[in-house]
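Beneath this line is the structure, given in C-alpha cells, with notes to follow.
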Amino acid sequence: MASKSTITIEFTNKSSVDCEFELVKELNGDKTQFPFGKKVYFDVLTDPEAEVNLTATDGTITSEGTGTKTEEDEAVAFTDSQEQSVKRYITSITSYEWYGNDKLGEITKKDSKTIQCTIKPDPADADVGVAIGAITYVTPYRRHAIVVEDPGIDPYKIMVVAY
C-alpha cells in the first residue's frame with residue numbers, strides 16, 4: 001500500500017553567490033507538499049556562470065538541465081538614478097512599459113542584474129520627473145529535482161541548501 005505521507009521543502013542559500021529557488025509549477029502543480037518517492041522539480045535562478053553546489057538534509061538531488069524563462073512586469077522605480085537593479089539575472093529585456101510618466105526614454109540592459117533608462121530622473125524637474133517601469137525580461141535557470149524516500153515520519157520537512 002502506498003504511503004500518504006508528504007514532505008515539505010525549504011530552501012536556503014549559504015553560498016557567496018546570489019541565487020534564488022523556485023518550485024516549478026508546470027511540473028509540480030500548485031502543491032506545497034509532495035509525495036515521497038516522486039520527483040519534485042525546482043529551479044535555481046542565478047548567474048549562469050556562477051558555481052553553485054546543492055545539498056539536502058535528505059533525498060537525492062539530480063540536475064534536470066538549464067533554460068530560460070520570462071519574468072513578467074517587474075515594477076522598477078526610477079527616482080534619482082538612471083540605473084536600477086532587478087530581482088533576477090537578465091538574459092534580455094523583451095518589453096517595458098512606463099506607468100504614468102514616460103519621459104525617461106528607453107529602458108535597456110546594462111549588465112546581468114542592472115537596467116538603465118536613457119534620461120536621468122529628476123524629481124525637481126517637471127519636464128523629466130520620476131517614473132516606474134514595468135519590465136519583462138528573460139532570466140536563466142538551472143532545473144533540479146529531488147526525490148525523498150518515505151522515512152515513516154509525517155509530516156516530514158527537508159531543506160535544500162546552496163553552498
Mean ellipticity per residue at 222 nm, deg cm²/dmol - from DSSP H runs of n ≥ 4 across the chain, formula -39500 (n - 2.57): -500 deg cm²/dmol
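Contact order normalised by length for the stretch 69-139, with contacts defined as Cα pairs under 8 Å and 6 or more residues apart; what percent is it?
Numbers: 172 pairs, mean separation 34.9, N = 71.
After rounding, I find 49 percent.
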By average C-beta atoms within 10 angstrom, highest first, the peptides 88-94, 68-74: 88-94, 68-74
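Using 1/(1 + (r/R0)^6) with R0 = 35 angstrom and r between the beta carbons of VAL128 and VAL161, what's the FRET efficiency to the nearest 0.05? Don't skip to the answer; put the middle values down first.
Numbers: r = 46 Å, r/R0 = 1.31.
So, using R0 = 35 Å, E works out to roughly 0.15.
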Relative contact order [Cα under 8 Å, 6+ residues apart], the stretch 1-99, whole percent: 23 percent
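Can you check what the Kirkwood hydrodynamic radius comes to for the stretch 55-142, Cα pairs only, in Å to one decimal?
Computed over the stretch 55-142, the radius equals 14.3 Å.
Determine, for each peptide in 22-30, 42-50, the mean count of other beta carbons within 10 angstrom over its residues, then list the peptides with the highest first. List each step's numbers first, then the result.
Values: 22-30: 12.3, 42-50: 17.9.
Going from most to least packed, we get 42-50, 22-30.
Between rounded, prolate and oblate, where does the chain land on the alpha carbon gyration tensor, with a ≥ b ≥ c its root eigenvalues, rounded for a/c under 1.5, else prolate if a/b exceeds b/c? Don't skip to the end; give the middle numbers.
Details: a/c = 3.17, a/b = 2.67, b/c = 1.19.
Prolate.
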Table column - 3J(HN,Hα) (Hz), the stretch 63-80, Karplus curve with 6.51, -1.76, 1.60, x for Gly and Pro: 7, 10, x, 10, x, 9, 8, 8, 9, 9, 6, 6, 7, 10, 8, 10, 10, 8
Largest to smallest principal axis extent of the C-alpha atoms in the stretch 1-46, angstrom: 44, 22, 14
Cut-off under 5 Å, modelled amide H: who pairs with LYS110 long-range: ILE115, GLN116
Residue exposure sequence - TYR41, TYR137 - by fewest surrounding Cβ within 10 Å: TYR41, TYR137
Reachable lysines, given that their alpha-carbon falls under 22 Å from the alpha-carbon of LYS120 and they are not under 8 places away in the same chain: LYS87, LYS103, LYS109, LYS110
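A short reminder: the numbers here are calculations on the coordinates, not readings from a lab. Predicted model only: the values in this text are computed from it and were never measured. Cβ atoms come from the backbone with ideal geometry, glycine included; neighbour counts cover every protein chain shown.
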